[in-house]
Amino acid sequence: MRSLVVHLLSYTQRFANAKPKVLYVPQKTLIAEQILEDEFKLSQRFPTLQISSLDLDYVFLEEKVFSMELPLSFKSVFAEGDLCSLTWISRLLLKLQTSRFGAIPRIRGKGSNAAKVVQLLQRMQTEVGRDFITDIPSEVDTLLVLDRSVDLVTPLMTQLTYEGLIDELYGIENCEVRFPFSLGESSGVGTNEKVVINSGDKIFAEIRDKNFSGVGSVLYQKSVWVKQNYDKRKEVHQLKELKEFMKGLPEMQEMHRLIGIHTNIATEISKITQSSEFRKRIIMEHSIIQQANEGDVLKYIEGLIFRKEKFEVVVRLLALLSLINGGVREKELGSMKENMMLVYGIPQVISTFFLLERCGLLTLQNGRDGNYAAIRKQLQTWNASLNEEHPNDIAYAYSGYASPLVRVVEMLLRNPQLWDAADSSLNLLSGEMKECTTHAEISGATKTSIVFVIGGVTASEISALRFVEDRLSSGGRPHRIIVGTTDILSGNRMIHSLLPFQP
């Protein structure tokens, strides 16, 4: 608040006739207004000052992906129990119906926070009344609101799609990345400069959802295609042929530039993914998921601690182990905690463990192994016989591991009646279920569903949802999937948001 007042004073001194405005995103709060008035007497200093809200609820990152861009949503909802985010989500989902997609006849929520959002949304729709049904044709059949607590495991796993690995290793923010290496002279981008990566990049659009093991072959095929098209200039003998060649030249040059950029990125990623340390970590993650070799996993985590590996890397694996095994045994957890305090400091470890426990990411084992074995069997979260380059299952996004959250979406799209089944595998996942319905006529032949994830969704999960969409289409049941979320999540961002201090 103080910096805001200082900025206003500085600005109005330079521009005496200015009429300043203050916009709070997404909305102004009474406490903020009270502080500005009681402590800084803002209305006396700036009689013409206007304070209002900028209702920037969401942004479309891609044609079928939108985000509220609330980077601390996971911490605020699951660690701090802040319900403001749930109100904002409900308002957004109402706004989407009244201004963009029309009324949605079926809204379902799975998970405690998702159920609250559906309940809030139902109340808002009732308060709005018949005005809620606008002249906008209804495009969406179903809105599925999912709580991140339904599947806390997936964000902790290392993403293995091309886009997922870029996010894991370098971090994607609003479709922009800073790479700490050169992308080539023809790229037009310097080291550590922002690069936009989205579907506007034709090469990225083709390889973003692929498992990284299949990216190299696609880039090679594209480079051969460009070379063959360049070589056609040798066959040009007439003016008409030259004109046709020149017409396609700009596209070939742009493709050549993009292939160079992504070849450089893929090469740098390969240096990391082919390292023994990276491979070892993936093996440990897969061992945890299969509930095998627990002794080796514990030794590996201890080794990371003694080597002073990044704090969030250690915490991420420890949380994964806890979630899969229904907690960590008291003896092992006590030893880990003691060693971590010696290496990373007492305040850091104590504060982080407290927040991890609040989120349900770290618990003491109570003698039972939890229900993950049943989840793995019923939702088929492990696929040992998978062709990563030509996949037939969503597990390709994590090289064998299938996100329960994505699996639930896939199952419900294939069989909507599963929601009401008494013996539904949905009951294995935590949190209650809530549904509300509205009478609305759907326009368009292709079914459309919005999947909204509270607490964040990973890039690889979005890739897996696109895979589900493609499979339904190729199977003669076209179904458009629009993904919405509070923010794009990764394991590092998820854990880092819970750290009280910079390690």
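The values are calculated or read from the model by the stated rules, or taken from the named source; none is laboratory data. These numbers come from a predicted model, not from an experiment. Cβ sites come from the backbone with ideal geometry, for glycine too, and all protein chains shown count toward neighbours.
Screening residue 445 on (1) surrounded by fewer than 24 Cβ atoms within 10 Å (Cβ to Cβ); (2) closer than 20 Å to residue 118 by Cβ shows it passes everything except condition (2).
Can you tell me which residue among 458, 437, 448 is closer than 27 Å to residue 493 by Cα, of a type in the set (Ser, Thr, Tyr) and touching a residue at least 24 places away in the same chain (Cβ under 8 Å)?
On the way: 437 fails: closer than 27 Å to residue 493 by Cα; 448 fails: closer than 27 Å to residue 493 by Cα.
When all the criteria are applied, what remains is 458.
A single entry from 120, 143, 152 fulfils the requirement of being crowded, with 20+ Cβ neighbours inside 10 Å, in the same structural domain as residue 483 (by TED's automatic domain parsing) and more than 30 Å from residue 280 (Cα to Cα): 143.
When you check residue 491 against the structure, is it buried (at least 20 other Cβ atoms within 10 Å of the Cβ), closer than 30 Å to residue 345 by Cβ and in the same structural domain as residue 65 (by TED's automatic domain parsing), yes or no? Spelling it out, residue 491 is indeed buried (at least 20 other Cβ atoms within 10 Å of the Cβ), closer than 30 Å to residue 345 by Cβ and in the same structural domain as residue 65 (by TED's automatic domain parsing).
For region 77-89, the condition of being in contact (Cβ under 8 Å) with a residue 12 or more places away in the chain, more than 21 Å from residue 358 (Cβ to Cβ) and surrounded by 21 or more Cβ atoms within 10 Å (Cβ to Cβ) holds for none of the residues. Total residues in region 322-377 satisfying the condition of being in contact (Cβ under 8 Å) with a residue 40 or more places away in the chain and in a helix (DSSP H, G or I): the figure is 18. Looking at region 149-167, is at least one residue more than 14 Å from the chain's Cα centre (by Cα), more than 25 Å from residue 388 (Cα to Cα), assigned to a loop (DSSP other than H, G, I, E, B) and in contact (Cβ under 8 Å) with a residue 60 or more places away in the chain? No: region 149-167 contains no residue that is more than 14 Å from the chain's Cα centre (by Cα), more than 25 Å from residue 388 (Cα to Cα), assigned to a loop (DSSP other than H, G, I, E, B) and in contact (Cβ under 8 Å) with a residue 60 or more places away in the chain.
The residue list 345, 367, 360 contains one member that is surrounded by 15 or more Cβ atoms within 10 Å (Cβ to Cβ) and outside the structural domain of residue 429 (by TED's automatic domain parsing), which is 360.
Scanning region 185-221 for residues that are surrounded by 15 or more Cβ atoms within 10 Å (Cβ to Cβ) and in a loop (DSSP other than H, G, I, E, B) yields a count of 8. When region 300-312 is filtered for residues that are in a helix (DSSP H, G or I) and either free of Cβ contacts under 8 Å to residues at least 12 places away in the same chain or of a type in the set (D, E, K, R) (or both), the ones remaining, listed by number, are 302, 303, 312.
Whether any residue in region 463-479 is of a type in the set (Lys, Arg), under 20 Å from the mean Cα position of the chain (by Cα) and in the same structural domain as residue 143 (by TED's automatic domain parsing) is what I want to check. Spell out the reasoning first.
As a first pass, look at region 463-479 and keep what is of a type in the set (Lys, Arg): 466, 471, 477.
When the remaining residues are screened for being under 20 Å from the mean Cα position of the chain (by Cα), the result is 466.
Narrowing the set further to residues that are in the same structural domain as residue 143 (by TED's automatic domain parsing) leaves 466.
The answer is yes; a qualifying residue exists.
Selection over region 248-293 of residues that are outside any helix (DSSP H, G or I) and free of Cβ contacts under 8 Å to residues at least 12 places away in the same chain gives a count of 4.
Has region 438-446 got any residue that is modelled with pLDDT of 90 or more and either more than 25 Å from residue 359 (Cα to Cα) or under 21 Å from the mean Cα position of the chain (by Cα) (or both)? Spell out how you get there, then give the answer.
Looking only at region 438-446, we keep the residues that are modelled with pLDDT of 90 or more, and these are none.
Among the residues of region 438-446, not one is modelled with pLDDT of 90 or more and either more than 25 Å from residue 359 (Cα to Cα) or under 21 Å from the mean Cα position of the chain (by Cα) (or both), which makes the answer no.
For region 348-357, the criterion of being under 23 Å from the mean Cα position of the chain (by Cα), polar (S, T, N, Q) and over 16 Å from residue 157 (Cα atoms) is satisfied by at least one residue.
State whether the residues of region 381-390 include one that is of a type in the set (Ser, Thr, Tyr), within 28 Å of residue 484 (Cβ to Cβ) and at pLDDT 95 or above. Scanning region 381-390 turns up at least one residue that is of a type in the set (Ser, Thr, Tyr), within 28 Å of residue 484 (Cβ to Cβ) and at pLDDT 95 or above.
Condition first: closer than 23 Å to residue 95 by Cα and either modelled with pLDDT under 90 or not basic (Lys, Arg) (or both). Can you find one or more residues in region 493-501 that meet it? The answer is no, given that none of the residues of region 493-501 is closer than 23 Å to residue 95 by Cα and either modelled with pLDDT under 90 or not basic (Lys, Arg) (or both).
Against the definition (under 16 Å from residue 152 (Cα atoms) and out of contact with any helix residue (DSSP H, G or I) (no Cβ under 7 Å at 6 or more places or on another chain)), how does residue 477 come out, yes or no? Outline the logic, then answer.
Working: under 16 Å from residue 152 (Cα atoms): no; out of contact with any helix residue (DSSP H, G or I) (no Cβ under 7 Å at 6 or more places or on another chain): yes.
No; evaluated as a whole, the condition is false for this residue.
Scanning region 65-116 for residues that are hydroxyl-bearing (Ser, Thr, Tyr) and in a helix (DSSP H, G or I) yields 73, 76, 85, 87, 90, 98, 99, 112.
Against the list (1) assigned by TED's automatic domain parsing to the domain that holds residue 257; (2) part of a helix (DSSP H, G or I); (3) in contact (Cβ under 8 Å) with a residue 24 or more places away in the chain, the condition residue 181 fails is (2).
For region 82-101, how many residues meet the condition of being within 17 Å of residue 58 (Cα to Cα), of a type outside the set (S, T, N, Q) and touching a helix residue (DSSP H, G or I) at 6+ places or on another chain (Cβ under 9 Å)?
Taking region 82-101 as the starting set, the residues that turn out to be within 17 Å of residue 58 (Cα to Cα) are 84-101.
Add one more test, that the residue is of a type outside the set (S, T, N, Q), and what stays is 84, 86, 88-89, 91-96, 100-101.
Filter once more, keeping what is touching a helix residue (DSSP H, G or I) at 6+ places or on another chain (Cβ under 9 Å): 84, 86, 89, 91, 93-94.
Of the residues in region 82-101, 6 are within 17 Å of residue 58 (Cα to Cα), of a type outside the set (S, T, N, Q) and touching a helix residue (DSSP H, G or I) at 6+ places or on another chain (Cβ under 9 Å).
Just the residues that are touching a Gly at 6+ places or on another chain (Cβ under 8 Å) and of a type in the set (Val, Ile, Thr), please, taken from region 134-157. Of everything in region 134-157, those that are touching a Gly at 6+ places or on another chain (Cβ under 8 Å) and of a type in the set (Val, Ile, Thr) turn out to be 134, 136, 140, 145, 150.
Scanning region 463-483 for residues that are farther than 20 Å from residue 61 by Cα and not in a helix (DSSP H, G or I) turns up 475, 476, 477, 478, 479.
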